[in-house]
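Trainee: I'd like to ask some things about the structure below.
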Amino acid sequence: MPQREPAKPKSGLVVLTAGRARPAGVVWLVGAGPGDPELLTLKALKALSAADVVVHDGLVSDEVLDLAPVKARRISVAKRKSRHSYAQDEINRMLVAFALEGLTVVRLKGGDPFIFGRGGEELEACREAGVDCRIVPGVTAALAASADAGAPLTHRGAAQAVTFVTGHAASGAEPDLDWESLAKPNHTVVIYMGLSTAAGIAARLIGAGRQGSTPALIVENASRADERRIVTTLAGLADAAAQVSGPALLIVGEAMALAHAGVGPIVSEFEAQGRGRGVMS
């Protein structure tokens, strides 16, 4: 029987004879929490375990980074005051470029990506490039700091509102905030990145009517083994801030009267037993 000739492709069709197209990658904006690996969410751990590339902040602890696959490429984009290893635009382009290569990229950010973490800018960059971007929230430093100090951010009798603010504007100057609103009593104010502007912030709040005797708390390296807490007042906030050099939060409000000063997180008996058994140690 004569062999049938192969059918010719119809006009207008393109026949692909090369390899398959590379699958699209994805960017995960993952909140690494304040440092304690036990505060990492299960979803964050799952995303980190699947990473081809981990682009991480300087505030991400080594214990969290060690949960990434050994084969994953790690890139530090650490930012410190006046010292940036990469500009934000460079980070945005890096995330997009890796994803367009078909890689799973985890942008690992201290705390939560959307609480003063510039996650919104990175999300916009991915969307503009047509890159799939997914968000994993994290435990922001304020939650860990208040929990370890035993001082609630909200309290039915002492704090009916809580506001998170940044201690400096984009230019590095004092932030333009609604000081009169922040000065109202029974209102907890959490200041991120406020060590260098603590004196100005305290003066603004007192000038807007907040009492200088209002309890205040400074927490350095929240949730980590070297955590340090200083209990003070709004009037003493600047002097207390001058004693701190590491990453720290300033918290002002009547509920901070419940805070414990000292070094290291408060550990419950249950947590102590778990750590003794080596849970995520």
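Read the figures in this text as sums done on the coordinates, not as results from a lab. Computed from a predicted model, the values in this text were never measured in an experiment. FYI the Cβ positions are ideal-geometry reconstructions off the backbone, even for glycines, and counts take in every protein chain you see.
Trainee: For region 142-263, just say rounded, prolate or oblate: build the C-alpha gyration tensor, square-root its eigenvalues into a ≥ b ≥ c, call rounded for a/c under 1.5, and beyond that prolate if a/b exceeds b/c, oblate if not.
Mentor: Working: a/c = 1.56, a/b = 1.10, b/c = 1.42.
Taking the square roots of the gyration eigenvalues as a ≥ b ≥ c, region 142-263 is oblate.
Trainee: Take peptides 216-223, 109-116 and line them up by average Cβ neighbours within 10 Å, highest first, as a rough protection proxy.
Mentor: Top to bottom by mean Cβ count within 10 Å: 216-223, 109-116.
Trainee: Under unit Cβ charges (Lys, Arg +1; Asp, Glu -1), what dipole magnitude, rounded to 20 debye, does region 38-160 have relative to its Cα centre? The partial results should precede the final answer.
Mentor: Details: 16 positive and 16 negative charges, 27 e Å.
For region 38-160, the charge dipole is close to 140 debye.
Trainee: Can you put 45, 195, 108 in order, fewest other beta carbons within 10 Å first? Walk me through the intermediate numbers first.
Mentor: On the way: 45 17, 195 23, 108 29.
By the 10 Å Cβ count, ascending: 45, 195, 108.
Trainee: Quick check for me: using +1 on Lys/Arg Cβ and -1 on Asp/Glu Cβ, what's the dipole size of region 142-263 about its Cα centre, in debye to the nearest 20? Mind dumping the intermediate values first?
Mentor: On the way: 7 positive and 10 negative charges, 44 e Å.
Roughly 220 debye, rounded to the nearest 20.
Trainee: If you add up the charges near residue 260, with Lys and Arg at +1 and Asp and Glu at -1, over every other residue whose beta carbon is less than 15 angstrom from its beta carbon, what do you get? Walk me through the intermediate numbers first.
Mentor: Numbers: positive: 228, 229; negative: 148, 220, 227.
Result for the neighbourhood of residue 260: -1.
Trainee: So if I average 1/r over every pair of distinct C-alpha atoms in region 156-227 and take the inverse, what Kirkwood radius in Å does that give? Write down the numbers at each step before the final one.
Mentor: Values: mean 1/r = 0.0760 Å⁻¹.
After inverting the mean inverse Cα-Cα distance, the result is 13.2 Å.
Trainee: Also: At most 12 other Cβ atoms within 10 Å and a DSSP loop assignment: could you name the trypsin sites (Lys or Arg not before Pro) in region 113-190 that fit?
Mentor: Details: sites: 118, 127, 134, 156; in loops: 118, 156.
Taking region 113-190 and a limit of 12 other Cβ atoms within 10 Å, the loop trypsin sites (Lys or Arg not before Pro) found are 156.
Trainee: Over what distance in Å are the Cα centres of region 29-49 and region 217-246 separated?
Mentor: 25
Trainee: What's the Cα-based Rg to Rh of region 26-139, Rh via Kirkwood?
Mentor: Working: Rg = 12.6 Å, Rh = 13.6 Å.
On the Cα set of region 26-139, Rg over Rh gives 0.92.
Trainee: Quick one: net charge around residue 198, please, counting Lys, Arg +1 and Asp, Glu -1 for every other residue with C-beta under 12 Å from its C-beta. List each step's numbers first, then the result.
Mentor: On the way: positive: 204; negative: 174, 239.
Here the charged neighbours net out to -1.
Trainee: Another question about this same structure. Lys/Arg Cβ at +1, Asp/Glu Cβ at -1, dipole of region 77-132 taken about the Cα centre: which of 85, 102, 131 is farthest positive-ward?
Mentor: 85
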